[in-house]
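Trainee: Please find one structure pasted underneath; my questions will follow.
What follows is calculated from the coordinates using simple rules that are stated; it is not laboratory data. Just so it is clear, the model here is predicted, and its values are computed rather than measured. Every residue, glycine among them, receives a Cβ derived from its backbone with ideal geometry; neighbour counts consider all protein chains shown.
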Amino acid sequence: MNKKEQSAMITLPDVEKLFDKIVSILEQARSNVVRVVNNNMVIAYWLIGKSLVEELQGGEERAEYGKKIIEELSGNLNKKYGKGFSTTNLWYFRQFYLVYSDRKPVILHTLCGESKTDEKLHKPCGVLEDMNFAVDKNSLIEGFSSTLSWSHYRTLSKVENINERLFYEIEAEKERWSVQVLERQIHSFLFARLLKSKNKSGVLELAKKGQEIQKPEDTIKNPYVLDFLGLNHSKEFLESDIEQAIIDNLQSFILELGKGFAFVARQKRLQYDDEFFYVDLVFYNCILKCYLLIDLKIGKLTHKDIGQMDSYVRMYDDLFTVDDDNPTIGLILCAENNETVAKYSVLQDSKKLFVAKYMLYLPTEEELKQELVKELNEFKGMAE
């Protein structure tokens with residue numbers, strides 16, 4: 001076989017396959033370079049912050065001196081390195097070190113759980129004010145994550161509560177959150193909304209390990225913040241409007257639902273004898289290996305709502321689950337909860353039925369605090 005014949009045997013698919021392989025290698029190399037640069041920047045900014053703290057320590061009487069030092073440093077650094085060293089950024093580096101002064105300037109290549117400026121900090125919701133107790137020193141992360149950028153740590157530095165901050169750092173790494181997602185989870189108080197029924201030990205577990213899904217109630221938060229649906233909460237709308245908005249923003253809704261959820265169906269039909277019933281939304285949790293049925297209610301929770309969901313869960317188990325599935329769970333998302341109905345219904349003892357309030361806008365700290373306090377009181381009332 002001559003060279004011309006050999007060349008003819010090289011088909012286009014062979015070239016495409018080789019091309020794809022080389023592209024994959026180059027993209028991985030570029031990704032590694034970006035990650036290494038980000039890692040080095042995190043360490044460099046920590047060390048700069050440390051230097052600033054050591055130079056500027058002394059209290060309020062040295063405030064003017066500190067301001068002048070920062071301004072002169074900023075000018076000199078920008079002349080030498082270009083943009084990136086504004087006075088604001090230098091104060092950020094200082095704050096970064098103050099928040100993480102107990103860390104070592106090293107990059108960890110395993111999951112976190114395995115191995116001050118004048119700017120307003122993200123304050124913990126009032127219900128967390130007594131939860132800033134010290135964590136077990138042996139459980140603290142020693143260095144910084146190889147998968148989190150400076151922008152991630154800049155965002156985390158604004159979280160005042162140490163347990164809350166550790167939780168978000170672990171979750172951001174495990175779930176590969178973008179900075180935008182991390183910011184939303186912080187500003188929607190995900191940590192606080194997961195604290196229902198948790199005592200001091202439960203708070204520490206969240207701070208050391210992040211959110212672990214072991215039982216159905218671990219997936220439930222209250223309230224659910226659905227501001228991304230774009231619905232005006234001051235106007236009247238139908239349950240079908242919320243349902244359609246969820247479908248239109250499914251990715252954001254699954255993120256709000258939490259870990260392990262996959263969309264299964266909308267208006268799932270259940271037939272029993274000659275009767276038909278329709279479940280608003282059905283999801284499957286790949287961690288718990290069970291279905292989640294969601295019923296949307298624009299009004300206040302009623303006994304009828306609970307009874308209906310109880311029937312849906314039983315029918316779904318009977319009609320659609322297989323041997324490997326765990327029992328189906330049901331979640332009623334309502335505009336307003338009803339403490340009395342919740343207390344004197346099957347919700348009292350059920351491990352399969354849950355009720356939570358939804359909010360169509362990002363609540364203020366005070367609004368969320370009121371919701372959380374109310375929820376904790378309801379939980380205590382049901383437990384008595």
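Trainee: Once amide H atoms are placed 1.01 Å from N in the peptide plane, what residues at a sequence separation of 5 or more from Leu270, or on another chain, have their amide H within under 5 Å of its amide H?
Mentor: Amide H neighbours of Leu270, under 5 Å, 5+ apart: Phe277, Tyr278, Val279.
Trainee: In what order do Leu301, Leu26, Leu368, Leu270 fall by count of nearby beta-carbon atoms within 10 Å, going from fewest to most?
Mentor: Leu26, Leu270, Leu368, Leu301
Trainee: Normalised by the residues of the range 34-99, what does the relative contact order come to in percent, with Cα pairs under 8 Å and at least six apart?
Mentor: Relative CO of the range 34-99 lands at 50 percent.
Trainee: In the range 283-305, which residues have a backbone nitrogen under 11 Å from the label point lying 7 Å from Leu231's Cα in the Cα-to-Cβ direction?
Mentor: 296-299
Trainee: A further question on this structure: Based on alpha-carbon centroids, what's the gap between the range 295-333 and the range 196-269 in Å, whole number please?
Mentor: One Cα centre to the other: 16 Å.
Trainee: Identify the residues of the range 303-323 with backbone N under 11 Å of a label point that sits 7 angstrom from the Cα of Lys351 along the Cα-to-Cβ direction, or state none.
Mentor: none
Trainee: Another one. Arrange the following residues from fewest to most other Cβ atoms within 10 Å of their Cβ: Phe189, Phe277.
Mentor: Going from sparsest to densest Cβ surroundings: Phe277, Phe189.
Trainee: Using the 10 angstrom Cβ neighbour count as an exposure proxy, how do Met41, Met309 rank, fewest first?
Mentor: Met41, Met309
Trainee: Sticking with this one: If R₀ is 35 angstrom, what is the calculated FRET efficiency for the pair Lys79 and Val106, using the beta carbon separation as r and rounding to 0.05?
Mentor: With R0 = 35 Å, the Cβ-Cβ based efficiency is 0.70.
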